[in-house]
1. Report the residue count in the stretch 149-168 for those that are farther than 16 Å from Cys110 by Cα and in contact (Cβ under 8 Å) with a residue 60 or more places away in the chain.
2. If you check every pair at least six apart or on different chains, which have Cβ atoms under 7 Å apart with a residue in the stretch 85-110 that is within 13 Å of Ser15 (Cα to Cα) and modelled with pLDDT under 95 first and a residue that is part of a strand (DSSP E or B) and β-branched (Val, Ile, Thr) second?
3. Please verify whether the stretch 46-53 includes one or more residues that are in contact with an Asp or Glu (Cβ under 7 Å, 6 or more places away or on another chain), in contact (Cβ under 8 Å) with a residue 12 or more places away in the chain and under 22 Å from Leu220 (Cα atoms).
4. Does the stretch 1-54 hold any residues that are in a loop (DSSP other than H, G, I, E, B), in contact with a Leu (Cβ under 8 Å, 6 or more places away or on another chain) and of a type in the set (A, V, I, L, M), and which are they?
5. Which residue, of Leu57, Leu97, is part of a strand (DSSP E or B) and hydrophobic (A, V, I, L, M, F, W, C)?
6. Could you tell me whether any residue of the stretch 62-79 is on the phi < 0 side of the Ramachandran plot, of a type outside the set (D, E, K, R), modelled with pLDDT of 95 or more and within 14 Å of the chain's Cα centre (by Cα)?
7. Among Arg65, Arg9, Arg25, Arg48, which is the only one that is crowded, with 17+ Cβ neighbours inside 10 Å, of a type in the set (Lys, Arg) and over 15 Å from Ala114 (Cα atoms)?
8. Identify all residues within the stretch 137-176 that are surrounded by fewer than 21 Cβ atoms within 10 Å (Cβ to Cβ), touching a Gly at 6+ places or on another chain (Cβ under 9 Å) and either modelled with pLDDT under 95 or in a loop (DSSP other than H, G, I, E, B) (or both); write none if there are none.
Amino acid sequence: MGQMIEIKRPDGQTSNAYLADAGPRAPGLVLIQEWWGLNAHIRAVADRFAQAGFTTLAPDLYRGRLASSADEASHLMTGLDFADATHQDLRGAVQHLRARGLPVGVAGFCMGGALTVAAAVHVPEAAAAVCFYGVPPAEFADPAQIRIPFQGHFASRDDWCTPAVVDALARRMHDAGLAPELHHYEADHAFFNNARPEVYDAGAAALAWQRTLDFLRRHLAREAGA
């Protein structure tokens with residue numbers, strides 16, 4: 001089980017985050033919440049990453065607020081300053097873990113997937129990124145500018161991060177000479193979220209989880225020179 005801590009943002013302000021510590025020699029991972037907030041599911045995923053060997057920090061982007069309905073989640077996400085979240089909260093979280101002297105990756109789901117792309121573009125201290133079914137507007141974070149290893153997990157029946165949106169991301173990256181590792185699943189949006197049985201797909205979730213761990217271990221260990 002992790003704990004809530006306070007971290008410093010680059011602008012000198014502070015924000016709260018959930019820390020699941022995997023030990024002093026573990027590489028770091030910043031985990032970015034879905035549009036529901038820093039809820040029990042995201043904290044459980046952070047604990048799971050820590051058990052797999054990554055010290056995981058999940059910033060509380062909504063400042064303690066949680067959504068209990070899709071309408072409320074949409075309202076909270078719409079009210080989030082994505083630039084501030086990226087350049088201040090997420091970069092501050094990456095810097096907090098990077099101070100341990102080991103590489104730090106970023107990963108996120110849904111809204112957090114879109115912010116993962118943004119962090120891959122705008123947070124220079126990040127060493128690798130794993131995005132689950134989220135893509136930001138290209139005018140905010142152009143995937144052609146990603147310069148770190150990038151893995152994406154996308155669903156064929158997604159009506160938010162649609163296959164057309166994913167195809168556009170892939171084209172932007174490939175046209176820039178990049179080689180992202182992109183995986184597609186016959187599943188619904190949020191297929192990884194086992195707290196939502198109406199969309200959860202156990203097989204797709206297990207495969208995506210193993211691919212994520214393999215990717216992070218490969219690239220963060222390489223960065224560390226292990």
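The values are calculated or read from the model by the stated rules, or taken from the named source; none is laboratory data. Computed from a predicted model, the values in this text were never measured in an experiment. Positions of Cβ are generated from backbone atoms using ideal geometry, with glycine treated the same way; all protein chains shown enter the neighbour counts.
1. Of the residues in the stretch 149-168, 1 are farther than 16 Å from Cys110 by Cα and in contact (Cβ under 8 Å) with a residue 60 or more places away in the chain.
2. none
3. Yes; the residues of the stretch 46-53 include at least one that is in contact with an Asp or Glu (Cβ under 7 Å, 6 or more places away or on another chain), in contact (Cβ under 8 Å) with a residue 12 or more places away in the chain and under 22 Å from Leu220 (Cα atoms).
4. Residues satisfying the conditions are Ala26, Leu38, Ala52.
5. Residue meeting the stated conditions: Leu57.
6. no
7. Arg9
8. Selection gives Ile148, Trp160.
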